[in-house]
Amino acid sequence: QVQLVESGGGLVQAGGSLRLSCVASGIIFSMNTMGWYRQAPGKQRELVARITSGRNTNYADSVKGRFTISRDNRRNTVYLQMNSLKPEDTGVYYCNAMRDTTYWGRGTQVTVSS
């Protein structure tokens, strides 16, 4: 059974930092592209950052220079370091694994107060 379990969300003031983690099981982690998506209230889910099996990364324009995605294949974990957080970064952050099939975690709430 595939599981993606996110952690690290919370409430933070604008300008602060958070580090999200996602631990995967049931997949060959190293061969999957891993991503972080977010969904704000009333909005569609959007890509935040993605890292391929070859460690190529891409980011949404809104987070470039502030967020960093990384992966640890020994720990089956993908991270999202979020710095200089803004209120518009508020939302539920979801972990995503993609290879032949796409899997989603249940999400972790990030709230940035102004």
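Quick notes on this one:
- Accessible surface computed residue by residue for the stretch 43-111, with neighbouring protein chains in place and a 1.4 Å probe, gives 56 Å² per residue.
- Share of carbon and sulfur in the accessible heavy-atom surface of the chain [1.4 Å probe, %]: 44
- Dipole in debye (nearest 20) - the chain, about Cα centre, beta carbon charges: Lys, Arg +1; Asp, Glu -1: 180
- Probe 1.4 Å, all protein chains present, accessible-area order of T57, T52, largest first: T57, T52
- The Kirkwood radius of the stretch 1-110, taken over pairs of alpha-carbon atoms, gives through the Stokes-Einstein law at 20 °C and 1.002 mPa s a diffusion coefficient of 156 µm² s⁻¹.
The values are calculated or read from the model by the stated rules, or taken from the named source; none is laboratory data. Quantities reported herein were computed from a predicted structural model and do not represent experimental measurements. Neighbour counts run over all protein chains shown; Cβ positions are idealised from the backbone, glycine included. Calculation scope for accessible area: heavy atoms of the full protein, side chains included, ligands and nucleic acids excluded. Shrake-Rupley method; radii C 1.70, N 1.55, O 1.52, S 1.80 Å.
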